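Written out below as structure tokens is the structure these notes cover.
The values are calculated or read from the model by the stated rules, or taken from the named source; none is laboratory data. Here the structure is a predicted model, which means the values were calculated and not measured. All Cβ positions, glycine included, derive from the backbone under ideal geometry; neighbour counts span all protein chains shown. Each accessible area value is taken on the protein alone, full model and side chains, heavy atoms only, with ligands, DNA and RNA left out. Shrake-Rupley method; radii C 1.70, N 1.55, O 1.52, S 1.80 Å.
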Amino acid sequence: MAIPTDTTITSYGHSCVEIRTPGGKVVLVDPWFGNPRSPMAADAVVTCDVLLVTHGHDDHFGDALTLASRLRPIWPCIHEMSLWLARRLPGGGDAVIGMNKGGTVEVAGLRVTMTGADHSAGDWNPGGETTLYLGEPAGFVIELESGYRIYHAGDTQVFGDMALIRELHRPDLAMLPIGGHFTMDPTAAALAVELLGVPDVMPIHYGTFPLLAGTPVQLAAALDARGLGDVTVHAPEPGGSIGGE
């Protein structure tokens with residue numbers, strides 16, 4: 001299924017992505033608008049119906065707490081993160097839905113499934129002396145009102161169970177990290193595309209810092225080397241979009 005014209009996916013740099021759905025909902029994933037490549041500040045965000053955070057590292061959790069406090073989106077997240085949020089959000093985190101890998105929730109007319117990811121998830125507590133544990137890393141498959149399915153992998157290396165994500169969830173578009181060092185690089189991401197069987201891929205988590213050296217051009221070359229040259233690489237500049245009218 002081609003990227004629908006009634007769906008708009010906007011990159012805001014790093015792994016921060018906005019999805020505007022056919023039903024008019026706004027989904028934000030890993031909302032770190034403070035990243036060096038983002039053209040928009042978090043306080044300029046005016047709508048968020050569903051918020052998703054793949055793991056507790058600050059470059060993914062980012063502005064989530066501030067946005068959730070102001071906009072009150074529905075927030076499906078891993079169980080341990082939901083417990084922490086319940087003490088910090090208005091209403092005791094009544095818009096937070098704790099879940100875990102393999103689970104699916106229906107929110108705002110969408111189906112959100114939490115998948116595995118192979119990474120870490122701790123970060124510093126505000127005092128900087130101990131590690132804040134917000135649950136394990138995860139990915140999400142987001143099924144839109146139209147049935148179109150988007151897989152945001154979060155931070156991860158390539159792992160064999162991506163073949164199970166293909167079998168169980170049949171994503172149409174995969175958002176995959178390609179920067180290397182902390183995640184898979186373009187060569188490994190090309191293998192992930194093969195395991196997932198997607199026709200479209202949107203690279204994330206690259207170019208933010210010199211260490212994240214993988215590029216979309218390298219991803220396209222790696223796909224060609226695997227005989228997957230028919231897969232389309234979508235790499236909008238931060239603030240740019242794919243899909244839409």
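Here are a few things to note about the model shown:
- Residue among L28, L51 that is part of a strand (DSSP E or B), in contact with a Pro (Cβ under 6 Å, 6 or more places away or on another chain) and under 26 Å from E143 (Cβ atoms): L51
- Restricting attention to segment 101-116 and to residues that are without any contact (Cβ under 8 Å) to a residue 24 or more places away in the chain and outside any strand (DSSP E or B), the residue that is most open to solvent (accessible area, probe 1.4 Å) turns out to be G102.
- Checked against (1) buried (at least 21 other Cβ atoms within 10 Å of the Cβ); (2) free of Cβ contacts under 8 Å to residues at least 24 places away in the same chain; (3) not hydroxyl-bearing (S, T, Y), F33 meets all criteria but (2).
- Residues being open to solvent by less than 50 Å² (accessible area, probe 1.4 Å) and closer than 17 Å to R72 by Cα - total across segment 20-30: 5
- Helices (runs of 4 or more DSSP H) contained entirely in segment 54-100, each with at least 1 residues that are open to solvent by less than 60 Å² (accessible area, probe 1.4 Å), of a type outside the set (G, A, S) and touching a residue at least 40 places away in the same chain (Cβ under 8 Å): 58-61, 79-85
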